[in-house]
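Throughout, read-outs are computed from the coordinates displayed, never taken from laboratory work. Not measured: the values here are computed from a predicted model. Using ideal geometry, Cβ is built from the backbone for each residue, glycine included, and neighbour counts are taken over all protein chains shown.
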Ligand code: ARG
């Protein structure tokens, strides 16, 4: 009779009368994904045991046995020799059972004053703290790559777009620095969300706290948490810190996706603004000429997966009454996949961005095609005393004139520009148009003129890059 009992049921034992089917066992188990938390689980257990020994709840000899046993277990896990058992449901029970096998009663004492509910909440927080720190470093690497390419191209002219129509000249450096700004805000969001991750739930036990004389401040100190959480029910149940992380990750991936979209467009033959190194592209099995920007396309695609995880976690949480419910076991896979996607994407992007090959001549030619300096012409007329709306109208006429003549504004002579603007019709003198006015129409003139914080003047772009380096220590 007894051999039909699984080891899992032995964990809560006497209360149960019938064995679990294999399917239900698999359905309720989490060990195949939460074993990823093993190192953090051990870290948390060691701190808990130390605190228990200091509080006199377990003997020093028990603590030593637990430390020795955990050391061995960690070695086994790292060497891939640890035998994970489905029957033991999750990472926590697997490690605890092995500990007891190795050190006997001391292993059985580890769970004093603790529950898997506060244990798992602690593990996830330790894991996420580690990963947000790693992501912060990776974000800095990506920002550094953007800044490096921006510096090289602080004066490289390209069309700035609105509505994907040529709008005004900008520099490629300025364009890239826009992404550096976005990723710096992502960095801030990660730093901020870390503050709420870094609280210790241990001590909440199952939901209501424990009768043992625990010292939560001490455990928090040992695990380098900023403080213990303040309410035991809240500690074991909410996963808002994980949702917040996924939200920050979603925004980050949204930025990655926007950049990807641009890289893809810029690499298409219609634009031909850039090329990406071959190692980030693939060919076609049928079309020999093809070189496809697979990496940015995949990043754009994987963004959807991260948004999905955010929605998944929000939905997981929304119907749960206090305190812990087994629903929360479903928090891990989305969280792990979010971390993996973000980490891989950022790592690859930093290298790919550094490798962007700029086709400056094409960028320049595209800028000349779209009357990109029309606003500069209108501004110059305003500076000569014309109200902006009249200047706007006059320049619109000049653009129509160029459309018919099939030329650019900057190609017009003074006489042609006078002809094109038809200032007399609006009640102004043709003398407003002279060589100085024509000079405003060059791409370089347009860039130079936007000389203020946040503008596209090449010196401002250089300064913005230098300041970013200084702020982030790059
Ligand atoms: N594997 C569980 C999880 O991930 C651990 C906590 C289980 N607690 C419980 N009371 N069943 O959430």
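Annotations
- Between residue 429 and residue 24, the simple label model (points 7 Å from Cα in the Cβ direction) yields a spacing of 9.7 nm.
- Taking a point 7 Å out from the Cα of residue 285 in the direction of its Cβ, none of the residues of the stretch 297-328 has a backbone N less than 11 Å from it.
- C-alpha long axis of helix 360-369 to longest principal axis of the chain, angle in °: 60 degrees
- Overall Cα dimensions of the chain, principal axis frame, Å, largest first: 103, 53, 38
- Relative to the longest principal axis of the Cα atoms of the chain, the long axis of helix 388-405 lies at roughly 80 degrees.
- Beta bridges by DSSP in the stretch 126-280, antiparallel share as percent, to the nearest 5: 75 percent
- Here the gap between residue 325 and residue 467, fully extended at 0.36 nm per residue and compared with their Cα-Cα distance, gives a gain of 46.3 nm.
- Ranked packing of 113-120, 171-178, most packed first, by mean Cβ within 10 Å: 171-178, 113-120
- Relative to the longest principal axis of the Cα atoms of the chain, the long axis of helix 38-54 lies at roughly 50 degrees.
- DSSP beta bridges fully contained in the chain are about 80 percent antiparallel.
- Label point distance in nm, residue 167-residue 217, each placed 7 Å from Cα along Cα→Cβ: 5.5 nm
- Extension gain, residue 133 back to residue 261 (0.36 nm per residue minus Cα-Cα distance, nm): 43.3 nm
- Linear extension gain, residue 192 paired with residue 84, 0.36 nm per residue minus alpha-carbon span: 35.3 nm
- Pairwise label distance in nanometres, residue 298 with residue 364, each label 7 Å out on the Cα-Cβ vector: 3.6 nm
- Mean-position separation - Cα centroids, the stretch 104-178 and the stretch 415-474, in angstrom: 35 Å
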